[in-house]
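These notes are about the structure you will find just below.
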Amino acid sequence: LLVLLAGASPHLPAQTHPSYCGDIDLDQSWSCSQRDDFWFRPQGARMLPYQWFLNLEQAGGTELFRSSANMDQLRFVTAPVSSSNPDGLPVGVTREPERCSGADCWAGLTCAACHTARIEFEGHSLIVDGAPGMLDFSTFLDQLVAALEATASDPAKFDRFSNAVLHSSAPGERDALRRLLLWRTNELRARADINRPVAPYGFARVDAFGHILNQVLVHDLDLAENIAPSDAPVSFPCLWDTPQHDFVQ
C-alpha cells in the first residue's frame, strides 16, 4: 500500500510476464526475470538435502511439509513453478549450489524469504520486493525438526520418505539414509533448542544476529559455553534504503 501511495503504477493483470509478478504488478523497476533471480539465486545456505525437503511430510500427517498450504500459514510467500523454481517452492527457498544435481543439491534460504512481502488487496495479491516479510521463522524451524523426527521414528513415514528419496529398496541404502537422517535431525534439534526464546518471536520478527552468533561461536567452534539466548527479535527491515547506510549486515 505504501508503494501505491508513493506513486508506483499497478497494472491488472500481469499475464504477459514469463514468470510470476503477482496479480497486480507494482512496477518496482525490476523485470520479472530479475525478481525471479533475487527470489531463487543460491546464496550459500544449506538447510537440508534438496530431495529430503521436497519429499518430507508434516509431522502429523502425510501432507508434504513444503505444501503451499503449510508454507502459507507460516507466511512464506508462495510462488509457482518457473525456470528458477522448477519445484514451485516458496519465495526464498532454493536449490544449492547452482547447477547441482542429484544428491549434491541442498535446500537453502535466501534473503528474499525475509525481505519479500505479500499484501492481499481487494481480492488480489500485491508482491512487494524488499518489503518486510511476515514469516514465522522459529515456528518454521520447530515444525521442520518435528517433521524430521516423525519421519525417523515412524516406519510408515520413513518407508514413504526413503522410497521417494532413494527410488530403491536396498536395505544398505535405506539404513545409510536412516543414519544420516537421525544425525541431521539431531543437529537441527540442537540448533532449534539453542535459539529457542522464552517468548516466541511470532510473525515478522527474528533475532538473526543471535542465530548467527550461536552458529559460529557455539556450533562451528564446538564451544557450548558460548551459548547465548536469541532473545532480541526485531522486525524484518525493508531493503530499499540500503544505499543510504554506511554499514549493512
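The values are calculated or read from the model by the stated rules, or taken from the named source; none is laboratory data. Fair warning: this is a prediction, and the values are worked out from it, not measured in the lab. Here Cβ is always computed from backbone atoms with ideal geometry, including for glycine, and neighbour counts include all displayed protein chains. To get the accessible areas, we keep the full protein, side chains included, count just its heavy atoms, and leave off ligands, DNA and RNA. Shrake-Rupley method; radii C 1.70, N 1.55, O 1.52, S 1.80 Å.
Nearest 0.05, what FRET efficiency do residue 193 and residue 238 give at R0 = 35 Å with Cβ-Cβ as r? Before the final figure, lay out the partial values.
On the way: r = 31 Å, r/R0 = 0.90.
Rounded to the nearest 0.05, the efficiency is 0.65.
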So which DSSP H runs in the chain come out at 15 Å plus along the axis (Cα) with average Kyte-Doolittle of at least -1.0? 137-153, 155-166, 171-195
Just check the range 36-115 against the gyration tensor rule for me: Cα atoms, a ≥ b ≥ c as the square roots of the eigenvalues, rounded for a/c under 1.5, and otherwise prolate or oblate depending on whether a/b exceeds b/c. oblate
Any residue on another chain or 5+ positions along whose placed amide H is under 5 Å from the amide H of residue 125 is listed here as 23, 24
Out of residues 5 or more away from residue 57 or on other chains, whose amide H comes under 5 Å of its own, with H placed 1.01 Å from N in the peptide plane? 65
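Tell me, what is the FRET efficiency for residue 139 and residue 87 to the nearest 0.05, using R0 = 25 angstrom and their Cβ-Cβ distance as r? Walk me through the intermediate numbers first.
Working: r = 22 Å, r/R0 = 0.90.
That gives a FRET efficiency of 0.65.
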Going toward the positive end of the dipole of the chain, with +1 on Lys and Arg Cβ and -1 on Asp and Glu Cβ, which of 103, 194, 64 do you reach last? 103
Within the range 153-197, the residues whose backbone N lies under 19 Å from a label point placed 7 Å from the Cα of residue 226 along the Cα-to-Cβ direction are 187-196
Over the C-alpha atoms of the chain, what are the Rg and the largest Cα-to-Cα span, Dmax, in Å? 19.2, 62
Could you derive backbone 3J(HN,Hα) for the range 234-244 from the dihedral phi with the Karplus parameters 6.51, -1.76 and 1.60 (θ = phi - 60°), listing whole Hz in sequence and x where the residue is Gly or Pro? 10, 5, 4, x, 6, 9, 6, 9, 3, x, 7
Could you report the accessible area of residue 217 in Å², rounded to 10, computed with a 1.4 Å probe on the protein chains as they sit in the structure? 70 Å²
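Length gain on complete extension for the stretch residue 31 to residue 213, per 0.36 nm per residue less the alpha carbon to alpha carbon distance?
Details: separation 182, 0.36 × 182 = 65.52 nm, distance 3.57 nm.
Full extension of this stretch gives 62.0 nm more.
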Given unit charges at Cβ for Lys, Arg (+) and Asp, Glu (-), the dipole magnitude of the chain about its Cα centre in debye, nearest 20, is 460 debye
How big is the Rg/Rh ratio for the range 147-236, C-alpha atoms only, Rh by Kirkwood, two decimals? 1.12
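Rounded to the nearest 20 debye, what is the charge dipole size of the range 87-198 about its Cα centre when +1 sits on each Lys and Arg Cβ and -1 on each Asp and Glu Cβ?
Numbers: 12 positive and 16 negative charges, 72 e Å.
So the magnitude is around 340 debye.
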If you roll a 1.4 angstrom probe over the protein chains with everything in place, what fraction of the accessible area of the chain belongs to carbon and sulfur, to the nearest %? 57 percent
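At 1.4 Å probe radius, can you tell me the per residue accessible area of the range 109-240 in Å²? It would help to have the intermediate numbers written out before the result.
On the way: 6780 Å² over 132 residues.
Normalised by residue count, the accessible surface of the range 109-240 is 51 Å².
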Among 104, 37, 220, the residue with the largest mean-square fluctuation in a Gaussian network model of the chain built from Cα contacts under 10 Å is 220
With every protein chain present, what accessible area does residue 120 have (1.4 Å probe, heavy atoms only), rounded to the nearest 10 Å²? 110 Å²
